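The values are calculated or read from the model by the stated rules, or taken from the named source; none is laboratory data. Please read all numbers here as calculations on a predicted model, not as lab measurements. So basically every Cβ, Gly included, is an ideal-geometry build from the backbone, and we count neighbours across all protein chains shown. With ligands, DNA and RNA removed, areas are computed over all heavy atoms of the protein, side chains included. Shrake-Rupley method; radii C 1.70, N 1.55, O 1.52, S 1.80 Å.
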Amino acid sequence: YIFDFTKRKVLETQLKESELRYKAFISQTKEGIFLVDANTKKILEANNALADLLGYNLEDIYSLKLYDLVDLNTATLDQHIQTILDSKPDHQIIKTFEFQQKNRSLLPLESNITWMSYGDQIILSFAVRPLEQSSNQEKVAQDQGLYDLETGLPNRQLFLEQLNTAIANSRRLKGIMCIIFVELEILEETGAT
């Protein structure tokens, strides 16, 4: 028997490229995004923005369930989830929940929630952001000390947290990671010609 695996290899390559584009897009967005198994309430995927908002690293988030993040008792949260599941797939529902940060303080976040069926699994998709975008983000940044207050630029602590997250993702996905340092010199122009 002779089999032609060319089409299969092309499809596998396209699927891997599509997955990489998806992960790159999700990692760059400023909204916290995470996926939850509707039955087990386990966090399946999350981006760095969610980790930054709540003060966790990604490894911690993957070990949590939705019950650990949303500050509601399980029965009330289950009722909210059932209301979401009673809506049409891909229908966006907006709710405000208080999320528990790693330091145990509560952070109210506006949550855009949809659900989708993936095989025999139902997945809830959350996109979360602070209620008052600018003031809450400034408060979170000041509380966590991740940005210079005068310039608004990220500081060393934020770099180290993102580096740790990238290392954890690289280990989890069995991928390769590199760091590139670029040194810039500013040349001053002289008035002489």
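Among the residues in segment 1-18, are any part of a strand (DSSP E or B) and at pLDDT below 90? Scanning segment 1-18 turns up no residue that is part of a strand (DSSP E or B) and at pLDDT below 90. Taking each residue of segment 73-87 that is within 20 Å of Gln121 (Cα to Cα) and looking for partners that are of a type in the set (Ser, Thr, Tyr) with beta-carbon atoms closer than 9 Å, six or more apart or interchain, yields Leu77/Tyr67; Ile84/Thr114; Ser87/Thr114.
Restricting to segment 85-102, name every residue that is modelled with pLDDT of 90 or more and either among the polar types (S, T, N, Q) or crowded, with 16+ Cβ neighbours inside 10 Å (or both). Result: Thr96, Phe97, Phe99, Gln100, Gln101.
Those residues that are in contact with a Leu (Cβ under 8 Å, 6 or more places away or on another chain), open to solvent by 20 Å² or more (accessible area, probe 1.4 Å) and not in a helix (DSSP H, G or I), I need them from segment 43-55; list them, please. Talk me through it step by step, then tell me what you get.
Our first condition is that a residue be in contact with a Leu (Cβ under 8 Å, 6 or more places away or on another chain); within segment 43-55, this holds for 43-46, 48, 51-54.
Add one more test, that the residue is open to solvent by 20 Å² or more (accessible area, probe 1.4 Å), and what stays is 44-45, 48, 52.
Selection gives Leu44, Glu45.
Among the residues of segment 103-127, those that are surrounded by 12 or more Cβ atoms within 10 Å (Cβ to Cβ) and within 16 Å of Thr40 (Cα to Cα) comprise Trp115, Met116, Gln121, Ile122, Ile123, Leu124, Ser125, Phe126.
Among the residues of segment 56-82, write down those that are open to solvent by less than 80 Å² (accessible area, probe 1.4 Å) and over 26 Å from Ser170 (Cα atoms). Break it down stepwise before answering.
Applying the first criterion (open to solvent by less than 80 Å² (accessible area, probe 1.4 Å)) to segment 56-82 yields 56-58, 60-62, 64, 66-72, 74-78, 80-81.
Those that are open to solvent by less than 80 Å² (accessible area, probe 1.4 Å) and over 26 Å from Ser170 (Cα atoms): Tyr67, Val70, Asp71, Leu72, Thr74, Ala75, Thr76, Leu77, Asp78, His80, Ile81.
For every residue, the table says whether it meets (1) open to solvent by less than 40 Å² (accessible area, probe 1.4 Å); (2) assigned to a helix (DSSP H, G or I); (3) at pLDDT 65 or above.
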| residue | (1), (2), (3) |
| --- | --- |
| Arg129 | no, no, yes |
| Ser134 | no, yes, no |
| Lys139 | no, yes, no |
| Gln142 | no, yes, no |
| Phe159 | no, yes, yes |
| Thr165 | yes, yes, yes |
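Considering only residues in segment 56-78 that are among the polar types (S, T, N, Q) and not in a helix (DSSP H, G or I), the one that is nearest to Thr165 (Cα to Cα) turns out to be Asn57.
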